[in-house]
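Taken together, the values in this text are just the output of simple stated rules run on the coordinates, not laboratory data. In this text, all values refer to a predicted model and were calculated from it rather than measured experimentally. Glycine gets a Cβ as well: all are built from the backbone with ideal geometry, and neighbour counts include every protein chain shown.
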Amino acid sequence: MEMLVTDDPVDAGFWRGRRVLVTGHTGFKGSWLCAWLQRMGAETTGYALPPEGSGSLFDAARIGEGMRSVLADVRDAERLSSAMRDCRPEVVFHLAAQPLVRASYADPVGTYATNVMGTVNLLDAVRRVPGVRAVVVVTTDKCYENHEWLWGYREQDTLGGHDPYSNSKACAELVTAAYRNSFYPADHYAEHRVGVATARAGNVIGGGDHASDRLVPDMLRALQRDGEVVLRRPHAVRPWQHVLEPLAGYLRLAQALHDHGPRYAEAWNFGASEGDSHTVEHVVRSLIGALGRGSYRIGTSDADPHEAGLLKLDSSKARTLLGWSPRWTLGQTLASIAEWHAASEAGQPASAMLDKQITRYRSA
């Protein structure tokens, strides 16, 4: 397998006019992905529930105006299959999910239904639509059986997941592997011409995130209220990365699947650089410094459900075989969030900030 080499993190020419389906397009990561695809000229269709709450990036940046948007549930197999038949995608990115650990404790059945059966529905719809060449199923770094090692997990390490969210994503990995082995085996690639892979990223952060129960948006809301942030798990270590980092990996992976099929049809990590795995307290302290205001205090986490204290990814395979590597340090990522926040407070349109930061990232 040869390394894919290019100065640009993504081959924009490949995506021009390409038919793409993105599930979960109304979410934070999905919105950034669709914005990038639109700017490269892809014919993008999205399938997801309506954006949650007010002020979502999808609405603020008017992302739906540049694509076909189907507002529906991935648990609705018939509707999903119909949407896929209508758009006849060449590339599919599956991001639709219940994405929060704490929410999975409150609704484990809904979490498994969305994250597991939603993946089954997506992959089964792919079987029924000719012309699909590449499928990237996005899971999470939390899909591993986490022993809180000091070193990063590699793709061949044991899957597990302590909580319903993490475990449901490990199940999605197994579902994807079963569909790939059963319906898209490498030795029959000349017949089916479909490459299916999974992608595992770290804790993504960036401008425009308004989700609840996520560190950066929770922190920004707290600063707007009274200037003080309360930290539940200040010493938890995560692989923090700007949202554009894993998206660049997904885009490179999808192109590799399209062009080379089974050579890239497996699991991939897209984690932060080794030096950018930091504690929650470090991230909050650094972002307060970048914003120029605010304070924090340590709260109690005694009543909170279990969350891992240490988690790292080893992305050596993606670096070596896809030519992918992080472009922004954590400091640059936090500076971009502070820039976005200041621009938002000044009334600048979210679409302009997307343009600015995607352009800056591509030239990094």
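Just how many pairs of Lys in the chain have C-alpha atoms closer than 21 Å, counting pairs that are eight or more places apart or on different chains?
So the count of such lysine pairs works out to 9.
Can you run phi through the Karplus equation (6.51, -1.76, 1.60; θ = phi - 60°) for the stretch 238-247 and list ³J(HN,Hα) in whole Hz, with x for Gly and Pro?
Rounded to whole hertz, the list is 9, x, 6, 7, 5, 4, 5, 4, x, 4.
Determine the dipole magnitude for the stretch 206-356: charges of +1 sit on the beta-carbon of Lys and Arg, -1 on that of Asp and Glu, nothing else is charged, the reference point is the Cα centre, and the result goes in debye to the nearest 20. Please report the intermediate quantities before stating the final value.
Details: 16 positive and 18 negative charges, 48 e Å.
Result for the stretch 206-356 is approximately 240 debye, rounded to the nearest 20.
Is any residue of the stretch 249-271 close enough, with backbone N under 17 Å, to a label point placed 7 angstrom from the Cα of ASP187 along the Cα-Cβ axis, and if so, which?
Flagged as within label range: 262-263.
Return the distance in nm (one decimal) between the two label points of a simple spin-label model at SER54 and ALA103, each offset 7 Å from Cα along Cα→Cβ.
Inter-label distance under the simple model: 2.0 nm.
So if I place +1 on the C-beta of Lys and Arg and -1 on the C-beta of Asp and Glu, and nothing else carries charge, what would the dipole magnitude of the stretch 158-232 be about its Cα centre? I want it in debye, nearest 20. Spell out each step's value before the answer.
On the way: 8 positive and 9 negative charges, 13 e Å.
Using Cβ point charges on Lys, Arg, Asp and Glu, the stretch 158-232 gives about 60 debye.
Just in the stretch 114-160: which chymotrypsin sites (Phe, Trp or Tyr not before Pro) are loop by DSSP and have at most 12 other Cβ atoms within 10 Å? Present the calculation step by step, with values, prior to reporting the outcome.
Working: sites: TYR144, TRP149, TRP151, TYR153; in loops: TRP149, TRP151.
For chymotrypsin sites (Phe, Trp or Tyr not before Pro) across the stretch 114-160 that sit outside H, G, I, E and B with at most 12 neighbouring Cβ atoms in 10 Å, the list reads TRP149, TRP151.
With springs connecting C-alpha atoms under 10 Å apart, model the chain as a Gaussian network and identify which of GLY160, GLY27, GLY195 has the largest mean-square fluctuation.
Between GLY160, GLY27, GLY195, it is GLY160 that shows the largest mean-square fluctuation.
Please give the FRET efficiency for ARG75 paired with THR329, using the beta carbon to beta carbon distance and R0 = 41 Å, rounded to the nearest 0.05. Don't jump to the answer; show the numbers that get you there.
On the way: r = 39 Å, r/R0 = 0.95.
With a Förster radius of 41 Å, E is 0.60.
Pull up all non-local amide H partners of GLY271: gap of 5 or more, or a different chain, and H-to-H distance under 5 Å with H placed in the peptide plane.
SER315
For n ≥ 4 DSSP H runs only, could you compute -39500 (n - 2.57) per run for the chain, divide by its residues and tell me the 222 nm figure to the nearest 500?
On the way: 14 runs with 145 residues, N = 364.
Value at 222 nm, helices only: -12000 deg cm²/dmol.
What's the whole-number percent of alpha carbon pairs in the stretch 29-156 lying beyond 26 angstrom?
Numbers: 2310 of 8128 pairs.
Summing the P(r) tail past 26 Å for the stretch 29-156 gives 28 percent.
Counting other C-beta atoms within 10 Å, and keeping those with at most 16, which DSSP coil GluC sites (Glu not before Pro) do you find in the stretch 142-202? Could the numbers behind the result be given before it?
Details: sites: GLU145, GLU148, GLU155, GLU173, GLU191; in loops: GLU145, GLU148, GLU155.
Sparse-neighbourhood loop GluC sites (Glu not before Pro): GLU145, GLU148.
Where the only charges are on Cβ atoms (+1 Lys, Arg; -1 Asp, Glu), what is the dipole of the chain about its Cα centre, to the nearest 20 debye?
Numbers: 39 positive and 42 negative charges, 133 e Å.
Computed charge dipole of the chain: roughly 640 debye.
Within the stretch 48-140, list the GluC sites (Glu not before Pro) lying in a DSSP loop whose Cβ has at most 16 other Cβ atoms in a 10 Å radius. Don't jump to the answer; show the numbers that get you there.
On the way: sites: GLU52, GLU65, GLU78, GLU90; in loops: GLU52, GLU90.
When the GluC sites (Glu not before Pro) of the stretch 48-140 are filtered for loop state and at most 16 Cβ neighbours within 10 Å, GLU52 remain.
If the viscosity is 1.306 mPa s and the temperature 10 °C, what translational diffusion coefficient in µm²/s does Stokes-Einstein give for the stretch 304-364 when Rh comes from Kirkwood over Cα pairs?
Values: Rh = 14.4 Å.
Stokes-Einstein gives a translational diffusion coefficient of 110 µm²/s.
Please compute the contact order of the stretch 126-188 in relative form: average sequence separation of alpha-carbon pairs under 8 Å and at least six residues apart, divided by the residue count, as a percent. The partial results should precede the final answer.
On the way: 45 pairs, mean separation 19.1, N = 63.
Relative contact order here is 30 percent.
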